[in-house]
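Just so it is clear, none of the values below were taken in a lab; they were calculated from the coordinates. Predicted, not measured: the structure shown is a model, and the values here were computed from it. Virtual Cβ from ideal backbone geometry, glycine too; neighbours counted across all protein chains shown.
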Amino acid sequence: MKQVYSALALMSAVAAFAPAGFAAAPVPEFTGGVVPSLAPMLTNITPGVVNIAVKGRVREQNPLLQDPFFRRFFNVPQGQGYEERETQATGSGVIVDAARGYILTNAHVVENETSITVTTKDNHKYPAKLIGRDADTDVAVLKIDASHLTAVPFGDADKLQVGDFVVAIGNPFGLGQTVTSGIVSALGRSGLGIEGYEDFIQTDASINPGNSGGALVDLRGNLVGINTAILAPGGGNVGIGFAVPINMARRVMDQLIQYGEVKRGRIGVGIQDLTPDLAQAMNTTRTGGAVISRVEPGSAADRAGLKSGDLVVAVNGVTVRDSAQLRNAIGLSRIGDEVKLVVDRGGGEHPVNVRVEAAPPPAPKKLPER
């Protein structure tokens, strides 16, 4: 009787914390009750997660030929001594547009590709075309010509909260499609040095080699992230995985489809985090935001009226935590987009709209004088 009571208590607790709309598959139990299951949601979603096999070539130099004495002894001309090597890699991808056959994955999965093969859950194989890749966000878009595909619906990563349940789907270690579950451990992770633009979702759902490019979904089956990296000091999963928020990946995807690349703009400011020392110097009680340290004369920011010392507290209606978040918002905006900022200036909030402009071409390198 004690055993039956424990089982019933556990099922009641799980049901109490299940989210609204959570589908529970009735599974007969010896108690006569039912237990919740993710199986109905996964039945609809997993056909939209694919395996990606990549063949590529890399150019490498023999370490011995980096020694100038060795090169001189064997009379190896400058620029020679490289050899090409074939590579093979596997990863995962997410079908996001079934009608046009678009697949989201990581840029590092398809690096140096010469051929890409996509395998769907029903074991059909398709050659894939690389539409574009952006190394700064580690996002790439592929296209396959196939019918009867299943797309994973987009979610909203901006609505995620720490503690939300999530499910990771991918192809770890080439084992085949695998599902793991966990929670959102943290949001807005940056400064990890993994990518140029970082705003990661951190999760304890198991992510391992081969999961890269796979789906991170909520319990309703909505795509909230693209799994991209793990923190693995011992070489395996330790419960710290990272995913690119789908809102960021989607903006990059739209540009890759339209242009084949990401055309980043700027507004002409230098920014830094709001530190306790800066907050004290600025006489503000705020603990988050991005401080404008420099405004370029004649830039879009200058024309919009931004000033050095302004504290940016919101961008496009979203609260700004730090300078990395503001940099991401501006850097991932299209050229010509209007960015809506809210700045704290002297204790009062002021709305400032700035139009993103193209970055000037790099200055030509000066040749050394002879």
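Taken about its Cα centre, the stretch 265-358 carries a charge dipole of roughly 140 debye when the Cβ of each Lys and Arg holds +1 and the Cβ of each Asp and Glu holds -1. For HIS148 and THR114, what does the FRET efficiency come to when R0 = 25 Å and r is the distance between their Cβ atoms, rounded to the nearest 0.05? About 0.30, to the nearest 0.05. The trypsin sites (Lys or Arg not before Pro) of the stretch 230-315 that meet both conditions, a loop assignment by DSSP and at most 15 other Cβ atoms within 10 Å of the site Cβ, are LYS263, ARG286, LYS307. If a/c stays under 1.5 just call it rounded; otherwise compare a/b with b/c (prolate if a/b is bigger, oblate if not). Do that for the stretch 118-186, with a ≥ b ≥ c from the square roots of the Cα gyration tensor eigenvalues. Taking the square roots of the gyration eigenvalues as a ≥ b ≥ c, the stretch 118-186 is prolate. Cβ-to-Cβ counts within 10 Å put LYS143, LYS129, LYS340 in ascending order as LYS129, LYS340, LYS143, the fewest first.
Between LYS159 and THR285, the simple spin-label model (points 7 angstrom out along Cα→Cβ) gives 3.2 nm.
Which of the residue pairs LYS121/LYS340; LYS143/LYS263; LYS121/LYS159; LYS143/LYS340; LYS55/LYS263; LYS263/LYS307 have a Cα-Cα distance greater than 31 Å in the structure shown?
LYS121/LYS340; LYS143/LYS340
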